[in-house]
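The next block holds one structure in the form of structure tokens; read it before the comments.
The values are calculated or read from the model by the stated rules, or taken from the named source; none is laboratory data. Values in this document were obtained by computation on a predicted structure and should not be read as measured data. Ideal geometry is used to build each Cβ from the backbone, glycine not excepted, and the neighbour counts take in all protein chains shown. Side chains included, ligands, DNA and RNA excluded: accessible areas come from the protein's heavy atoms. Shrake-Rupley method; radii C 1.70, N 1.55, O 1.52, S 1.80 Å.
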Amino acid sequence: ETAATMRESVLPLVMTTLLNPYPRVRQYTAEQLYVKIEEDGAKLFGSQASLEDATQLLLNVVWHDEFDHQGHIAKARNQIADLLGVALSEEARQLTFGTTASRTVLNDE
């Protein structure tokens with residue numbers, strides 16, 4: 001039940017926050033998600049390989065980058081969501097940080 005609640009309620013918000021227009025917010029969110037996965041990942045998520053891949057992405061992406069012209073941050077966020085079993089809509093998958101759409105999503109949630 002805890003894992004399902006986490007995947008359905010908490011992680012979608014975390015995934016949105018990973019695309020926050022403010023670099024420090026993205027960085028902090030990535031750090032906190034990394035810590036949570038390290039502490040409780042085995043209990044919350046099944047596949048150890050997926051957890052390792054997700055933590056590598058969290059560690060290797062420059063979340064505090066001011067500009068993401070190549071879309072690396074958004075791609076990494078989508079990969080992390082897939083690895084952790086978080087359902088993202090196609091619209092959410094197309095978002096990049098700093099766009100009007102991502103601000104709208106943040107304000108609506």
Report task. Would you tally the net charge around A54, using a Cβ to Cβ cut-off of less than 14 Å, leaving A54 out, and scoring K and R as +1, D and E as -1? Result -> -3
Query raised in the report: If you project the alpha carbons of the chain onto their three principal axes, what span does each projection cover, largest first, in Å?
Result: 36, 27, 21
Query - Sparsely packed GluC sites (Glu not before Pro) within region 1-59, loop by DSSP, other Cβ within 10 Å at most 15 - result: E1
Report summary line: Once normalised by the length of the chain, the mean sequence separation of its alpha carbon contacts under 8 Å that are 6 or more apart gives a contact order in percent of 37 percent
Query raised in the report: What nm value, rounded to one decimal, do you get for the distance between Q56 and Q32 when each label is placed 7 Å out toward the C-beta?
Result: 2.7 nm
Query - 0 to 90° range, to nearest 10: angle between helix 23-44 axis and the chain longest Cα axis - result: 20 degrees
Report task. Taking only protein heavy atoms into account and a 1.4 Å probe, give the accessible area per residue of the chain in Å². Result -> 60 Å²
Requested in this report: Along Cα→Cβ, 7 Å out, is where each label goes; now give me the distance between the ones at E91 and H64 in nm to one decimal.
Outcome: 3.3 nm
Report summary line: Over its alpha-carbon atoms, region 1-61 yields an Rg and a Dmax in Å of 11.5, 33
Query raised in the report: Roughly how many percent of the accessible protein surface of the chain is carbon and sulfur, given a 1.4 Å probe and a whole-percent answer?
Result: 50 percent
Query raised in the report: How far is helix 72-84 tilted off the main Cα axis of the chain, in degrees rounded to 10, range 0 to 90?
Result: 30 degrees
Report summary line: The simple spin-label model distance between Y22 and Q48, using points 7 Å out along Cα→Cβ, in nm, is 3.9 nm
**Report entry** Accessible-area ranking of M15, M6, largest first, probe 1.4 Å
**Finding:** M6, M15
Query raised in the report: Against the longest principal axis of the chain, how steep is helix 48-60, in degrees 0 to 90 to the nearest 10, with axes from Cα atoms?
Result: 30 degrees
